[in-house]
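Student: Mind looking over this structure? Questions follow.
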Amino acid sequence: GRAIAIEPITAELPVRAPTAPLAVEAEGDEVEPGETAELGVQTYEPFPISGGRVTLRFNPAVAAGPAAVYMDPRYGKAKFQVDRSKPGVLVVNFQSPDKTLNTVPGTFVDVRLPTRASAAIGTSSPVTLDPAGTYLLSVRGRKLKLKLENGELAFDD
């Protein structure tokens, strides 16, 4: 029976047309030089994924070591393999046999990248999804129409 204080805000609710592509973003970060950057691949709406591949590109000169890749089970069950054979390129192939991946939207591929302590404050570099090497599969195994959005890794103090 107690009153709860609320503060209304003005906002917009975007509505995607049924035939419009699904947004997938390369998530960047803002870190101090020498810290571990938390990069990733995220979605904004739930749509089940049975598998796919993401190819994430970043400037290899900012890396102080190999990137670690995780897939959080809160976004659905998946098995994955990572190819780190080219500097600045992470290729993550994944399958979700029970088709639960992305039933909760968010950062379904989580990347931890150690950065160089010598990185200059104020610099930034793009974190991108390579359209030629990125696709998501529907529950029927068909490629989904995607709108890829890029991020940025920035160094600040």
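Student: In square angstrom, what is the accessible area per residue of the chain with a 1.4 angstrom probe? Each step should come with its number before you reach the end.
Tutor: Numbers: 9340 Å² over 157 residues.
The answer is 60 Å² per residue.
Student: A follow-up question, please. If you project the alpha carbons of the chain onto their three principal axes, what span does each projection cover, largest first, in Å?
Tutor: Largest to smallest, the principal-axis extents are 53, 47, 28 Å.
Student: If you take the C-alpha gyration tensor of region 1-94, multiply each eigenvalue by 5 and take the square root, what semi-axes do you get, largest first, in whole Å?
Tutor: Values: eigenvalues 205, 87, 43 Å².
Ellipsoid semi-axes (Å, largest first): 32, 21, 15.
Student: Apply 1/(1 + (r/R0)^6) to the Cβ-Cβ distance of residue 79 and residue 19, taking R0 = 35 Å, and write down the FRET efficiency to the nearest 0.05. Can you show the working numbers first?
Tutor: On the way: r = 31 Å, r/R0 = 0.88.
Rounded to the nearest 0.05, the efficiency is 0.70.
Student: Sticking with this structure for a sec: Could you check the spin-label model distance between residue 156 and residue 4? Points 7 Å from the Cα along Cα→Cβ, value in nm.
Tutor: Rounded to a tenth, the inter-label distance reads 3.2 nm.
Student: Amide H neighbours of residue 76 under 5 Å, at least 5 residues apart or on other chains, H built in the peptide plane: list them.
Tutor: 102
Student: Please work out the Cα center distance from region 25-63 to region 125-151, rounded to the nearest Å.
Tutor: First find each Cα centre; the distance between them is then 12 Å.
Student: Using mean Cβ contacts within 10 Å as the protection proxy, how do 9-22, 37-50 order, highest first?
Tutor: Details: 9-22: 7.5, 37-50: 19.0.
Ranking the peptides 9-22, 37-50 by packing returns 37-50, 9-22.
Student: Further question: Just need log10 I(q)/I(0) for region 13-62 at q = 0.13, 0.18, 0.32 Å⁻¹, Debye formula, equal scatterers on the alpha-carbon atoms, no solvent, rounded to two decimals.
Tutor: Taken in order of the listed q values, log10 I(q)/I(0) reads -0.48, -0.78, -1.43.
Student: Just to verify a number: FRET efficiency for residue 89 and residue 121, C-beta to C-beta distance, R0 = 22 Å, to 0.05? Please list the in-between numbers first.
Tutor: Values: r = 26 Å, r/R0 = 1.18.
The computed FRET efficiency comes out at 0.25.
The values are calculated or read from the model by the stated rules, or taken from the named source; none is laboratory data. Nothing here was measured: the structure is a model prediction, and the numbers come from that model. Here Cβ is always computed from backbone atoms with ideal geometry, including for glycine, and neighbour counts include all displayed protein chains. SASA here: full protein model, heavy atoms, side chains in, ligands and nucleic acids out. Shrake-Rupley method; radii C 1.70, N 1.55, O 1.52, S 1.80 Å.
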